[in-house]
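Asks: Okay, handing you the structure first.
The values are calculated or read from the model by the stated rules, or taken from the named source; none is laboratory data. Please read these numbers as outputs of a predicted model, since none were measured by experiment. FYI the Cβ positions are ideal-geometry reconstructions off the backbone, even for glycines, and counts take in every protein chain you see.
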Ligand SMILES: NC(=O)c1ccc[n+]([C@@H]2O[C@H](COP(=O)([O-])OP(=O)(O)OC[C@H]3O[C@@H](n4cnc5c(N)ncnc54)[C@H](O)[C@@H]3O)[C@@H](O)[C@H]2O)c1
Ligand SMILES: [Zn+2]
């Protein structure tokens, strides 16, 4: 036997027991699959799209437990009744019924609802080959996803995003979280959803306010990825505002594909680097949301945050003023706010920069844009220029009538 220590080689004595453990850095890859589907009537004629996602194991039927956003139950009760019947009658699964989770940020505010989910998972003996079916907005998907990710170190989750924002962005995300210590998303995990189904029919029951919210994330990702899509969205901002189905569907579809592409091909799905490009405009948004006691929706806070970072980008990083104003007008035309009086608390808002850095550790890295399709990562922000940017955003928003 060769006694020299070689990389990736354990040393064995004659009796095949390890003699010593050399220091090793062993890289390994784990293949993940996200099954993205779409439908128009998942809750009735397109139910097969969901049914096809359940995989049988060892000839036993997989257990399925559903968690439904209370907003979906309240505003689409007939859809909930219908899918409950379809799941009950499906011969592909062992359906264990549905539970409701509070809609919106209430779903993420404490551990109590997570405990309730774990109790139900345990009661129904869900295992790693069972499915938790989460139907709801981004907040409900976050809390159900968090509970499912921790139980048994991960129960398969199928998400049916029920808001424009969750269809355009978070549904295909690999993160879940609840709020803690008064901070957004402080508790959470990375976990890859088994499947995601964007059902366009479910969006019909959204209020205009919640309907418009998703398009701030679409504008965000178009600004990062594609000048053409950015212009296209600006040209159709009023169609989005009026909920034109074809245009809205196209915007959501393109947005989710950009997000999916970034997660699966961007090289850093679990955010081990310091840059988080998909969080463009989010450092102030994540501060504004708790500051408003979550009165301001995530999508609204992102609209304000993107508008602010466009102004800062134009002052410091060469973003043409025309593009900057076009982006802000686009948000306003889509029916989104671009300012809120709480933004005047500049000292508190600017603390969001340190919280943003601290969330990941390492050096501060904020993604800004030089031009549509050309993001840059910067490691320092001038507080003076950011304060000026907030003032400028307030004036501009008053002119546009887009201040909350
Ligand atoms: N994990 C991620 O990667 C990620 C990414 C982006 C956003 N998020 C999180 O998502 C949350 C925001 O999600 P959101 O914008 O989808 O809003 P939301 O989940 O807060 O829901 C907004 C409201 O819409 C209601 N609702 C949901 N679906 C409905 C429907 N079909 N009909 C009628 N009402 C309905 C809800 O009950 C709630 O009252 C934030 O907590 C944000 O942090 C997570
Ligand atoms: Zn977001």
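Asks: With the structure loaded, tell me whether residue 24 is part of a loop (DSSP other than H, G, I, E, B), at pLDDT below 95 and either outside the structural domain of residue 141 (by TED's automatic domain parsing) or surrounded by 14 or more Cβ atoms within 10 Å (Cβ to Cβ) (or both) or whether it fails that test.
Replies: Here the answer is yes, as residue 24 does meet what is asked.
Asks: Moving on to the next point. Can you find even one residue in the range 169-176 that is part of a helix (DSSP H, G or I), within 8 Å of ligand 1 (Cβ to nearest atom) and within 14 Å of the chain's Cα centre (by Cα)?
Replies: Yes, the range 169-176 contains a residue that is part of a helix (DSSP H, G or I), within 8 Å of ligand 1 (Cβ to nearest atom) and within 14 Å of the chain's Cα centre (by Cα).
Asks: Residue 248: away from ligand 2 (no atom under 15 Å from the Cβ) and either surrounded by fewer than 16 Cβ atoms within 10 Å (Cβ to Cβ) or at pLDDT 95 or above (or both), yes or no?
Replies: For residue 248, the condition - away from ligand 2 (no atom under 15 Å from the Cβ) and either surrounded by fewer than 16 Cβ atoms within 10 Å (Cβ to Cβ) or at pLDDT 95 or above (or both) - is met.
Asks: Assess whether residue 147 counts as being within 17 Å of the chain's Cα centre (by Cα), within 16 Å of ligand 2 (Cβ to nearest atom) and either at pLDDT 95 or above or assigned to a loop (DSSP other than H, G, I, E, B) (or both).
Replies: Here the answer is no, as residue 147 does not meet what is asked.
Asks: Hand me the list of helices (runs of 4 or more DSSP H) wholly inside the range 286-404 holding 3 or more residues that are more than 24 Å from residue 240 (Cα to Cα).
Replies: Once the helices (runs of 4 or more DSSP H) in the range 286-404 are filtered for at least 3 residues that are more than 24 Å from residue 240 (Cα to Cα), what remains is 298-316, 346-360, 383-400.
Asks: Another one. Are there any pairs with C-beta distances below 8 angstrom linking a residue in the range 60-76 that is touching a residue at least 24 places away in the same chain (Cβ under 8 Å) and on the phi > 0 side of the Ramachandran plot to a residue that is more than 16 Å from ligand 2 (Cβ to nearest atom) and assigned to a helix (DSSP H, G or I), with the two at least 6 apart or on different chains, and if so which?
Replies: Within 8 Å, no pair qualifies.
Asks: What are the residue pairs meeting all of these: first residue in the range 234-245, first residue closer than 10 Å to residue 212 by Cβ, second residue outside any helix (DSSP H, G or I), Cβ atoms under 6 Å, and 6 or more apart or on different chains?
Replies: Filtered contacts from the range 234-245: 240/334; 241/334; 241/335.
For (1) closer than 20 Å to residue 96 by Cα; (2) outside the structural domain of residue 240 (by TED's automatic domain parsing); (3) within 16 Å of ligand 2 (Cβ to nearest atom); (4) out of contact with any strand residue (DSSP E or B) (no Cβ under 9 Å at 6 or more places or on another chain), each residue gets a yes or a no:
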| residue | (1), (2), (3), (4) |
| --- | --- |
| 119 | yes, yes, no, yes |
| 152 | yes, yes, no, yes |
| 155 | yes, yes, no, no |
| 158 | yes, yes, no, no |
| 166 | no, yes, yes, no |
| 172 | no, yes, yes, no |
| 184 | no, yes, yes, no |
| 198 | no, yes, no, no |
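Asks: OK, next. Can you go through 320, 332 and tell me which one is within 23 Å of the chain's Cα centre (by Cα) and either within 16 Å of ligand 1 (Cβ to nearest atom) or not assigned by TED's automatic domain parsing to the domain that holds residue 104 (or both)?
Replies: None of the other options fit; the residue is 332.
Asks: Related question: Select, from 47, 43, 75, 98, the only residue that is away from ligand 2 (no atom under 16 Å from the Cβ) and buried (at least 20 other Cβ atoms within 10 Å of the Cβ).
Replies: The match here is 43.
Asks: Within the range 263-276, can you find the residues that are out of contact with any helix residue (DSSP H, G or I) (no Cβ under 6 Å at 6 or more places or on another chain), on the phi < 0 side of the Ramachandran plot and either assigned to a loop (DSSP other than H, G, I, E, B) or buried (at least 19 other Cβ atoms within 10 Å of the Cβ) (or both)?
Replies: Hits for the range 263-276 are 263, 266, 268, 270, 272, 273, 275, 276.
Asks: Hey, any hits in the range 111-131 for a residue that's over 14 Å from the mean Cα position of the chain (by Cα), within 14 Å of ligand 1 (Cβ to nearest atom) and in a helix (DSSP H, G or I)?
Replies: yes
Asks: Does the range 297-312 hold any residues that are farther than 10 Å from residue 337 by Cα and away from ligand 2 (no atom under 11 Å from the Cβ), and which are they?
Replies: The answer is 308, 309, 310, 311, 312.
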